[in-house]
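Beneath this line is the structure, given in structure tokens, with notes to follow.
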Amino acid sequence: IWRDHDVFLQCSDFEGTSNSMLESMAQGTIPVVTQTESGLAGIIEHGVNGFLVPVGDMEAMAGVLCGLAEDPAQLRKLGRAAHEATKPYAMEVYVEKFVALLDETMAAPLRAWPASRPRSLACARATRAACSPSPRRRNWR
């Protein structure tokens with residue numbers, strides 16, 4: 001769906017790192033988003049691979065859109081840069097990190113669960129004697 005669009009527009013007063021924005025950028029769509037206190041600053045470089053505008057400043061947002069509409073070469077250049085900016089967020093990268101984390105976790109020695117801490121909500125309601133520890137699988141693959 002994003003391949004058919006040039007711009008991803010997000011006018012939120014607050015937004016975390018938007019999956020929709022990353023998905024659109026991966027397809028070469030230029031993000032024009034409000035500058036919120038989130039992870040956007042680490043992804044979007046204003047004027048390089050997208051645009052950050054102040055929250056509530058619709059004139060600035062409209063100005064960015066008009067500028068992009070008048071400059072197809074800039075549109076293509078920013079679209080390529082937006083695509084490149086998403087490579088660290090690719091599924092393959094996260095799968096490798098997740099598998100490494102699982103391997104590290106499974107290789108770590110088992111730790112005793114604190115006796116003062118319930119194992120589950122059901123255990124919290126029941127007596128400690130009724131709660132038996134569940135065995136931990138050592139081989140997740």
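Residue check: Ala73 meets all listed conditions (1) at pLDDT 90 or above; (2) closer than 21 Å to Glu45 by Cβ; (3) open to solvent by 60 Å² or more (accessible area, probe 1.4 Å) but one, namely (3). Within segment 17-35, the set of residues being without any contact (Cβ under 8 Å) to a residue 40 or more places away in the chain, open to solvent by 30 Å² or more (accessible area, probe 1.4 Å) and assigned to a loop (DSSP other than H, G, I, E, B) comprises Thr17, Gln35. Going through segment 1-16 one residue at a time, which ones are surrounded by fewer than 16 Cβ atoms within 10 Å (Cβ to Cβ) and in a loop (DSSP other than H, G, I, E, B)? Result: Ile1, His5, Cys11, Ser12, Asp13, Phe14, Gly16.
Within segment 36-94, restricting attention to residues that are outside any helix (DSSP H, G or I) and among the aliphatic types (A, V, I, L, M), which residue is nearest to Arg3 (Cα to Cα)? Among those that are outside any helix (DSSP H, G or I) and among the aliphatic types (A, V, I, L, M), it is Ala90.
In segment 80-135, the qualifying residues are those that are of a type in the set (Asp, Glu) and at pLDDT below 90, and the one that is surrounded by the most Cβ atoms within 10 Å (Cβ to Cβ) is Glu96. Taken over segment 55-108, the residue count meeting the criterion of being more than 19 Å from Val33 (Cα to Cα) and aliphatic (A, V, I, L, M) is 12. Would a scan of segment 51-64 turn up a residue that is buried (at least 20 other Cβ atoms within 10 Å of the Cβ) and under 14 Å from the mean Cα position of the chain (by Cα)? No - not one qualifying residue is present in segment 51-64. Comparison of Gly50, Gly42 shows that the only residue that is under 18 Å from Ala81 (Cβ atoms) and free of Cβ contacts under 8 Å to residues at least 12 places away in the same chain is Gly42.
The values are calculated or read from the model by the stated rules, or taken from the named source; none is laboratory data. This is a predicted model, so every value here is computed, not measured. Note that we place each Cβ from the backbone using ideal geometry, even for glycine, and neighbour counts take in every protein chain shown. Each accessible area value is taken on the protein alone, full model and side chains, heavy atoms only, with ligands, DNA and RNA left out. Shrake-Rupley method; radii C 1.70, N 1.55, O 1.52, S 1.80 Å.
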